[in-house]
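This report concerns only the one structure given below.
The values are calculated or read from the model by the stated rules, or taken from the named source; none is laboratory data. All values reported here derive from a predicted model rather than from experimental measurement. Cβ coordinates were reconstructed from backbone atoms using ideal geometry, including for glycine residues, and neighbour counts include every protein chain displayed.
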């Protein structure tokens, strides 16, 4: 009996020992597996952190940059950059929805109008960033040069939209503007970081052993026969070369009842949302007293008139004479934010006169916009070239003070810039460029343009003096090359706008100009006045500056993409 009990005890001990051995063996295996997985995860996280630091190396706000990617457990540079874009979108959306200060500003009657402007502009910024996200997502990183300038321009547009929001508050209440600047500080930091990353992309990708990249594809463009760059579609080229009688438009607008509609607004209602095909609206001769606003979601619209002295869209909203007082942004007779807008043979006008002060005839806020044989008539702030790429060919722009302003990446080729008679106590300035951030791609180029005065201004040109430029923002960028400058321009050429702001940091270049006003001997001696040689100036040739091969051929607007021989 005792032996049986001992046997059973020994057997149980053996079984337990065996079980424990198996258990500990399995436990050791599991522990090793867990350790390996932990080490692998930690190594992956370490590698991800290294990758994030590499991506963020060229950024100004490194902590914000690294924080925007902290949950991206990857070493893929494209995925990390997309994470930064996504974080920027989230921050911009958060500002308008969750900021109590913003909601308080909305309730203030004095700043309510500015709040509405900011809502629209922040929506635009989100659209530009989401477009950039999608464009980058579909792009092979070894061919990033094909879309690099487009990405840079769209992020610059997102940044300009945020800056314009603050401008709108500044016109109403400086204290409110300061509050808004503080509120959007983080979203601006993230947007600038995105631009820094794009600007430093060639160096960044080398750290990821992606050496076979062709950045030059974005900057070496060829010209097709007939002065059309290769990015213009055959169909759009034909549209720009044709007369209205030779075009079959989608819609005809006529004041006399011979069209489908009698107003432009009704015709625009026919354009499909998120339109991707050219939608042509023929606007017959007449004066159309309308305010037109084409939103960011409506693209590929073309206005064709019967001539810029026959088809005129006019309005009279101004900062000084309209109640309740609008911001400059809201005074435009025609405002376009949609992609790929084209206008031909038509005039845009703000008729309030010099007493209205800021009064915009046309505001352009959409990328890849082109204008051919158009007139822009007004006084102060006539043409607001707000953001993104814009091309003006054979156009006439008239005004008194800052009558071409904004921060678009714009080229004016073969255009006439005509100073009008201002109020008795006013001097005139043609250009006020508004580049605010070093990361931005904004700036104006004038090539083979004429700077002159109209018949009413010439008798008073010595009393009401005219200047080429003044810096609206401290990094104002303007190139005037191969142009005719008449004697209406004062020898100094430039005057300050806000004390010493921009005098040392702006970027002004005159190259190869002609005419009595083109002499540079008497120009102001600001540090911001630059001198370029024949090689350096080529980076501002229209084909390079606008990356024009990718979009202007589709508009049909003729363009000379290089420096003009013989000028």
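Residues of the stretch 285-317 that are part of a loop (DSSP other than H, G, I, E, B) and more than 30 Å from residue 128 (Cβ to Cβ): 285, 306, 307, 308, 309, 310, 316.
From the list 274, 260, the one residue that fits, being more than 22 Å from residue 332 (Cα to Cα) and touching a residue at least 24 places away in the same chain (Cβ under 8 Å), is 274.
Return a yes/no flag: does the stretch 109-131 have any residue that is under 21 Å from residue 70 (Cα atoms), part of a helix (DSSP H, G or I), in contact (Cβ under 8 Å) with a residue 24 or more places away in the chain and assigned by the TED database to the domain that holds residue 154. Give the derivation first.
Initial filter on the stretch 109-131 (under 21 Å from residue 70 (Cα atoms)): 129-130.
Filter once more, keeping what is part of a helix (DSSP H, G or I): 129-130.
Subset that is in contact (Cβ under 8 Å) with a residue 24 or more places away in the chain: 129-130.
Then drop every residue that is not assigned by the TED database to the domain that holds residue 154, which leaves 129-130.
Scanning the stretch 109-131 turns up at least one residue that is under 21 Å from residue 70 (Cα atoms), part of a helix (DSSP H, G or I), in contact (Cβ under 8 Å) with a residue 24 or more places away in the chain and assigned by the TED database to the domain that holds residue 154.
Any chance you could count how many residues in the stretch 171-195 are under 21 Å from residue 438 (Cβ atoms) and either touching a helix residue (DSSP H, G or I) at 6+ places or on another chain (Cβ under 7 Å) or outside any helix (DSSP H, G or I) (or both)? Number of matching residues: 12. When 480, 489 are checked against the criterion of being buried (at least 23 other Cβ atoms within 10 Å of the Cβ), over 28 Å from the mean Cα position of the chain (by Cα) and assigned by the TED database to the domain that holds residue 302, a single residue qualifies: 489. Please verify whether residue 432 is touching a strand residue (DSSP E or B) at 6+ places or on another chain (Cβ under 6 Å), in contact (Cβ under 8 Å) with a residue 60 or more places away in the chain and not in a loop (DSSP other than H, G, I, E, B), treating the condition exactly as stated. Answer is yes for this residue.
Only one residue in 503, 532 is at pLDDT 95 or above and out of contact with any strand residue (DSSP E or B) (no Cβ under 7 Å at 6 or more places or on another chain). Which one? Matching residue, one of 503, 532: 503.
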